[in-house]
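Inspection log for the structure reproduced underneath, given as structure tokens.
Coordinate-derived values only; no laboratory data. A quick note: this is a predicted structure, and the numbers were derived from the prediction, not measured. Cβ placement follows ideal geometry from the backbone for every residue including glycine, while neighbour counts extend to all protein chains displayed.
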């Protein structure tokens, strides 16, 4: 159960991060060489949106990494802490 949450956070974060990159390429793209003020404002707005999407994806992915490390550590501690079968 814990690993599903970790993998889901990693997958969703990566998908959002890739979505931000795709948005950046499709809408912001390469900045114009000598843009008009309207084009410069449009580019800046789309680039800001793309950075926000990418930051959200990176934060979710990082949360998944932290969750995975903590789950692995907890599982390892529980496994070492439980006594083995006792012979009578």
Inset, instruction - On a 0 to 90° scale, report how tilted helix 2-23 is relative to the longest principal axis of the chain, with both axes built from alpha carbons and the result rounded to the nearest 10. - result: 10 degrees
Legend entry - Computed E for residue 44/residue 8 - FRET, C-beta separation, R0 41 angstrom, nearest 0.05: 0.75
Legend entry - Crossing angle, helix 37-81 versus the chain [Cα axis fit, 0-90 degrees, rounded to tens]: 0 degrees
Legend entry - Estimated 222 nm signal from helices in the chain, with DSSP H stretches of n ≥ 4 weighted -39500 (n - 2.57), rounded to 500: -28000 deg cm²/dmol
Legend entry - Projected label distance in nm at residue 76 and residue 30, using a 7 Å step from Cα toward the beta-carbon: 4.7 nm
Inset, instruction - State the label only: which of [x] 15, 33, 23, 13, 7, 5, 3, 0; [y] 17, 28, 20, 15, 10, 6, 3, 1, 0; [z] 15, 36, 21, 19, 8, 0 corresponds to P(r) over Cα pairs in 10 Å bins from 0, in percent computed from the shown model? - result: [y]
